[in-house]
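Here is the structure we will look at.
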Amino acid sequence: VTRRQTWRRKDGERARAEYRYYQCQGRSNRGTCGYHTWKTENLETKVIDMIRQANSTGELTSSVTGPAGENKRTKAATERLKSVEASEQRFVKFMRKTSRGQSVIQRLKLYIDDLDRSRAEAFISFEPEEVADLLQNWTDTTFVRQRAFLKEYLDSITVKDRSVRIHL
């Protein structure tokens, strides 16, 4: 979730801030899930530290090597291509809606950006020998590359109020 806030200071100058945090998607977090919110920096730091630890012990590499690892990487590649197809379908659906006068063309950029992102991500893959460098330079890595790595190397991340668990 990203929240933006603006206010006017005592001296009359306008100020603005942006706050990012993770929140359960279950019905706007009305008690239907095991955690409520985590500050973005706290959760992302925790997850990356856990991934670095799994990499240093060799667990991360072993999860993507051998027959099971090859299946995992193939599944990730298939999911990336499905994401492109879904983005294309959303774009076409939006264009049809717009052509019938049910939406405004100014929103087109949202759909194009989504399609560009999914297409860029579709062909990003990381060999095990690239992972240490990627994790070392995580904050300098683009969001698209970070997301592609997480989807390829992790099955899931379980987040609760006081704990986080990564599933390789």
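The values are calculated or read from the model by the stated rules, or taken from the named source; none is laboratory data. Remember, predicted model here, so these are calculated numbers, not experimental data. Here the Cβ is made from the backbone with ideal geometry for all residues, glycine too, and neighbour counts use every protein chain on show. The area values use the complete protein model at the heavy-atom level, side chains included, leaving out ligands, DNA and RNA. Shrake-Rupley method; radii C 1.70, N 1.55, O 1.52, S 1.80 Å.
Structure data summary
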{"read-out": "Leading residue by the ranking (nearest to Leu81 (Cα to Cα)) among those in the stretch 92-105 that are in a helix (DSSP H, G or I) and open to solvent by 80 Å² or more (accessible area, probe 1.4 Å)", "value": "Lys93"}
{"read-out": "Count of the stretch 14-30 residues which are open to solvent by 100 Å² or more (accessible area, probe 1.4 Å), modelled with pLDDT of 80 or more and out of contact with any Ser or Thr (no Cβ under 7 Å at 6 or more places or on another chain)", "value": "1"}
{"read-out": "Of residues in the stretch 150-166 being in a loop (DSSP other than H, G, I, E, B) and modelled with pLDDT of 90 or more, the one most open to solvent (accessible area, probe 1.4 Å)", "value": "Asp155"}
{"read-out": "Extreme residue, most open to solvent (accessible area, probe 1.4 Å), among residues of the stretch 64-91 that are over 23 Å from Phe126 (Cβ atoms) and in contact with a helix residue (DSSP H, G or I) (Cβ under 7 Å, 6 or more places away or on another chain)", "value": "Arg90"}
{"read-out": "Given (1) modelled with pLDDT under 90; (2) open to solvent by 50 Å² or more (accessible area, probe 1.4 Å), number of the condition Leu108 does not satisfy", "value": "(2)"}
{"read-out": "Some residue of the stretch 53-76 being in contact with a strand residue (DSSP E or B) (Cβ under 8 Å, 6 or more places away or on another chain), modelled with pLDDT of 90 or more and in a helix (DSSP H, G or I)", "value": "yes"}
{"read-out": "Count - residues of the stretch 124-149 that are open to solvent by 50 Å² or more (accessible area, probe 1.4 Å), without any contact (Cβ under 8 Å) to a residue 40 or more places away in the chain and not basic (Lys, Arg)", "value": "10"}
{"read-out": "So Leu115, is it open to solvent by less than 50 Å² (accessible area, probe 1.4 Å) and either under 16 Å from Leu81 (Cα atoms) or assigned to a helix (DSSP H, G or I) (or both)", "value": "yes"}
